[in-house]
1. Against the conditions (1) open to solvent by 90 Å² or more (accessible area, probe 1.4 Å); (2) at pLDDT below 55, where does Arg30 fall short? Just the number, please.
2. Quick one: would you say Ala240 is under 25 Å from the mean Cα position of the chain (by Cα) and more than 14 Å from Ala170 (Cα to Cα)?
3. Which pairs turn up if I take residues in the stretch 194-216 that are closer than 17 Å to Ile137 by Cα and look for partners that are open to solvent by less than 50 Å² (accessible area, probe 1.4 Å) and among the hydroxyl-bearing types (Ser, Thr, Tyr) with beta carbon separation below 7 Å, at least 6 apart in sequence or on another chain?
4. Given (1) of a type outside the set (S, T, N, Q); (2) buried (at least 21 other Cβ atoms within 10 Å of the Cβ); (3) part of a helix (DSSP H, G or I), identify the lone condition not met by His139.
5. Only one residue in Gly201, Gly230 is on the phi > 0 side of the Ramachandran plot, assigned to a loop (DSSP other than H, G, I, E, B) and of a type outside the set (Val, Ile, Thr), so which one is that?
6. Just checking, does the stretch 142-154 include any residue being open to solvent by 40 Å² or more (accessible area, probe 1.4 Å), in a strand (DSSP E or B) and out of contact with any helix residue (DSSP H, G or I) (no Cβ under 7 Å at 6 or more places or on another chain)?
7. Can you name the residue in the stretch 33-63 that is at pLDDT below 75 and over 20 Å from the mean Cα position of the chain (by Cα) and is also farthest from Gly151 (Cα to Cα) among such residues?
8. Looking only at the stretch 195-211, filter to residues that are more than 12 Å from Val223 (Cα to Cα) and among the polar types (S, T, N, Q); which one of those is surrounded by the fewest Cβ atoms within 10 Å (Cβ to Cβ)?
Amino acid sequence: MHSLAVPYALDALDPDETRRFEKHLATCARCTDEVRALAADTVRLARAAAVPAPEDLRERILAAVRTTAQEPVERRPVPGPGPEPLRTPPRRAPGRALLALAASAAVLALVAVGFLALALARTDGELSDERAAAREIAHVLAAPDARASTGRDARGRGIAVVASRAERRAVVSVTGLGRPPDGRAHQLWVMRAGSAPRSLGLLDGETPVVAKDLSTRARSLAVTVEPDGGSTQPTSKPLAQLALESVGFGE
C-alpha cells in the first residue's frame, strides 16, 4: 500500500484502489508524511518557469518506470510445514495522469498548483469534494488538445491557464495578487468579443478554478477587485489579464 502514495496524489488510482488506500492512509503515519512531502515538492514545481519539456522527457519517464525496483514484500510466518509463498505485486503501468503531466512543464506547474491547494486544505470532511475537484482538473489537463499559457507583470501578478477548446474548459490559477482589502474580493472574468464580460466566480486565494462553457469568442481572462459577494459587471480595472489566443480561443 505504501507504493500507492504518489499515484494517489496524482489521482491515478482506480476507484477500488482509492478506497483501499484512503482506509490505509487513516492509520499510516508513513504515508501521511509522504503525502505532505509531495505537497512541499509541488511548491518548487509551481515556481518553475513555463518552458517546453525536453523532447526525450516521456522516454526518460517510461525508462525510470521500467527500472525502478518494487518495494519488497514482507514475509509473514504462518503455521504449517513450510513458509508462506511470497506474492510479488504486479508491476503497475504509469497512469494516464503521469503521461499527461509529461506533456509540458507549463502543464506540470499548473497542475502542481492545483493539487497543492487541494492537499493543504485537506480534512476528512472535505476529502470527497476535493477529490472531485482534482478529477475535474485532471480531466482538462488530460484533454488531447490541452494547451498552456501564463503571464505576469513586473510586480509578479499573473494568470496561468491550461485550456481545452474541445472541452470548452480551462483550469485557471492566479499568482502574486495578495489578499484583497477588507470588504473586497478578487473576481475572475472572461472577456468576450462582442459581449459583456462574464463572471467566472470569486477566487479563494491562489486555489485554481475550472472555467466551464467557454465560448470560442473568449478573448482573455481578467481579475478585478470587487465588493464582497461579487459584481454582475467589473467595477475596477483588471489587476491581471491573460489573452487566450495562444490556447485556441479568441476567434
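1. Condition (2) is where Arg30 drops out.
2. Yes.
3. Glu206/Ser173; Glu206/Thr175; Pro208/Ser173
4. Looking at each condition in turn, His139 falls short on (2).
5. One residue alone meets the criteria, Gly230.
6. yes
7. Ranking the qualifying residues of the stretch 33-63, first place goes to Glu55.
8. Here the answer is Ser195.
The values are calculated or read from the model by the stated rules, or taken from the named source; none is laboratory data. None of the values given here were measured: they were computed from a predicted structure. A quick note on method: Cβ atoms are made from the backbone with ideal geometry, for glycine too, and the neighbour counts reach across all protein chains shown. Note: accessible area is taken over every heavy atom of the protein model, side chains too, but ligands, DNA and RNA are not part of it. Shrake-Rupley method; radii C 1.70, N 1.55, O 1.52, S 1.80 Å.
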